[in-house]
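Since the structure comes first, as structure tokens, the remarks are kept for the end.
What follows is calculated from the coordinates using simple rules that are stated; it is not laboratory data. Keep in mind that this is a model prediction, so the values were computed, not measured. Don't worry about glycine lacking a Cβ; one is built from the backbone with ideal geometry, like all the others, and counts go over all protein chains shown.
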Amino acid sequence: MDSSEDISKLMGFGGFGKKARTFDLDAIFEQTRRTAIERSHKAQGSEDAEGTAFAAVPSSSISPQSNIAVFRNEVSGKEGASDEDSGDSDEEIGPPLPANISAEDEDEEQEEEEVLHHRKIPNSHEIVLQHGDKIISAIAWDPSGARVATGGYDYDVCLWDFAGMDASLRSFRTFRPCESHQIRSLQYSITGDCILIAAGNAQAKVLDRDGFEILECIKGDQYINDMAKTKGHVGMLNCGCWHPRDKEEFMTCSIDT
């Protein structure tokens with residue numbers, strides 16, 4: 001030690017470095033123990049104020065590790081409370097159902113309402129009339145409702161009589177009034193004794209109640225540009241209809257006008 005002081009004086013400086021710090025471990029442990037005791041007392045006081053009972057812990061047995069254990073218990077208590085809150089939120093919201101109605105009854109009522117929506121038409125009987133193998137393009141009802149006429153892309157017209165129909169549900173007559181032309185329109189007259197037919201040709205036809213031809217409209221001159229100077233259509237018919245009051249008049253339209 002004396003040699004080191006002599007060397008330091010000879011070299012011109014006071015020492016070889018800073019002196020290392022020393023720690024009193026007993027004092028540190030004592031301070032830690034007191035801090036743990038104070039925190040435990042504060043935690044115990046707050047829990048007693050909330051009405052929670054805890055067992056008293058002797059101050060001599062409290063250590064820093066026990067302070068950590070107390071903190072963990074507090075955290076676990078908070079987590080348990082949050083779980084209870086989440087469980088309460090799963091309960092049903094709103095007023096309870098009446099005593100005479102259950103959830104199953106309510107579901108059955110909803111299903112019955114959905115079924116009723118699909119049956120808006122007040123029909124009591126239903127039949128299927130088979131008209132050929134192609135699309136039905138025209139249908140007409142007799143004013144009395146006793147007969148119906150159907151026409152399609154198969155060039156046929158079928159006449160159905162409900163009064164004389166048997167269990168086979170067949171038409172009493174099927175024929176081709178316009179050869180190889182699709183049926184575009186069918187309509188009974190206001191008296192029900194005539195049927196107006198407009199097909200894919202340029203000539204409309206009028207049939208009687210049983211499907212026999214009464215008259216056929218003339219065809220116009222396709223080489224005349226002014227349609228006012230020719231009689232009849234020169235293009236395919238689209239539709240035809242009877243006069244609402246006069247049974248002797250009808251009207252037709254075509255692609256030529």
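Can you work out D for region 118-257 in µm² s⁻¹ from Stokes-Einstein, where Rh is the Kirkwood radius over C-alpha pairs, the temperature is 20 °C and the viscosity is 1.002 mPa s?
On the way: Rh = 16.1 Å.
It comes out at roughly 133 µm²/s.
Can you check what the net charge comes to around MET165, using other residues whose Cβ is under 13 Å from the Cβ of MET165 (Lys, Arg +1; Asp, Glu -1)? Please report the intermediate quantities before stating the final value.
Numbers: positive: ARG147, ARG170, ARG173; negative: ASP161, ASP166.
Net local charge, MET165 excluded: +1.
Mind checking the full-extension length gain between LEU129 and CYS253? Use 0.36 nm per residue of separation minus the Cα-Cα distance, one decimal, nm.
Numbers: separation 124, 0.36 × 124 = 44.64 nm, distance 2.91 nm.
That works out to 41.7 nm of additional length.
Starting from the alpha-carbon convex hull of region 160-226, give the projected area averaged over all orientations, in nm².
Directional mean of the projected Cα hull area for region 160-226 stands at 6.2 nm².
What order do you get for 228-238, 24-34 when each peptide is scored by the mean count of other beta carbon atoms within 10 Å, highest first?
Values: 228-238: 15.4, 24-34: 10.8.
Averaged packing, sorted descending, gives the order 228-238, 24-34.
With +1 assigned to the C-beta of every Lys and Arg and -1 to the C-beta of every Asp and Glu, and no other charges, what is the dipole magnitude of region 119-247 about the Cα centre in debye, to the nearest 20?
Working: 15 positive and 16 negative charges, 72 e Å.
The dipole magnitude comes to about 340 debye.
Could you please report the charge total around ARG147, scoring K, R as +1 and D, E as -1 over all other residues with beta-carbon less than 13 angstrom from its beta-carbon?
Values: positive: ARG173, ARG209; negative: ASP142, ASP161, ASP193, ASP208, ASP210.
With Lys, Arg at +1 and Asp, Glu at -1, the net is -3.
Note down the nm distance, to one decimal, between modelled labels 7 Å out along Cα→Cβ at MET165 and at GLU38.
Label-label distance for MET165 and GLU38, simple model: 10.3 nm.
If packing is taken as the average number of other Cβ atoms within 10 Å across a peptide's residues, how do 142-153, 125-136 rank, most packed first?
Packing proxy ranking, top to bottom: 142-153, 125-136.
Please sort 171-184, 242-255 by packing, taking for each peptide the average over its residues of neighbouring beta carbons within 10 angstrom, highest first. Mind dumping the intermediate values first?
Values: 171-184: 16.5, 242-255: 13.1.
The most tightly packed comes first, giving 171-184, 242-255.
Suppose the chain between LEU215 and SER180 were pulled fully straight at 0.36 nm per residue; how much longer would it get relative to their current alpha carbon spacing?
Length gained between LEU215 and SER180: 10.7 nm.
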